[in-house]
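J.: Take a look at the following structure, please.
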Amino acid sequence: MTPGQCRAARCWLRWSAKATAERAGISKTTVIRFEHGENVLYQSVNKLRHVFESQGIEFVGRTGVHYEKDPV
């Protein structure tokens, strides 16, 4: 997951950085740092990815994000 994909996932879910951090069990500062391309722990990125995927977000390649809110 790239910083851009993280921002897109939050946008799709309409989650603030604070809400995302709480759901992922990391700090809001970590979310913001990651989205700005700064170094964060690999474990933190995995937590973010897991929380997004648990909500139906799919990461496609290096840039894509797919979200089907109400799958048929």
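The values are calculated or read from the model by the stated rules, or taken from the named source; none is laboratory data. Quick caveat, the model's predicted, so the values are computed rather than measured. Cβ sites come from the backbone with ideal geometry, for glycine too, and all protein chains shown count toward neighbours.
J.: Within segment 6-34, restricting attention to residues that are within 9 Å of the chain's Cα centre (by Cα) and not hydrophobic (A, V, I, L, M, F, W, C), which residue is nearest to Y67 (Cα to Cα)?
T.: Per the stated criteria, the residue is R10.
J.: Search segment 46-72 for residues that are at pLDDT 90 or above and pair each with any residue that is assigned to a loop (DSSP other than H, G, I, E, B) and surrounded by 13 or more Cβ atoms within 10 Å (Cβ to Cβ) when their beta-carbon atoms are under 6 Å apart and the residues are at least 6 apart or on different chains.
T.: K47/I26; R49/M1; F59/M1
J.: May I ask you to list pairs of residues, at least six apart or on different chains, whose Cβ atoms are under 8 Å apart, with the first in segment 1-20 being in contact (Cβ under 8 Å) with a residue 60 or more places away in the chain and the second being among the small types (G, A, S)?
T.: Listed by first residue and then by second, the contacts come to Q5/G64.
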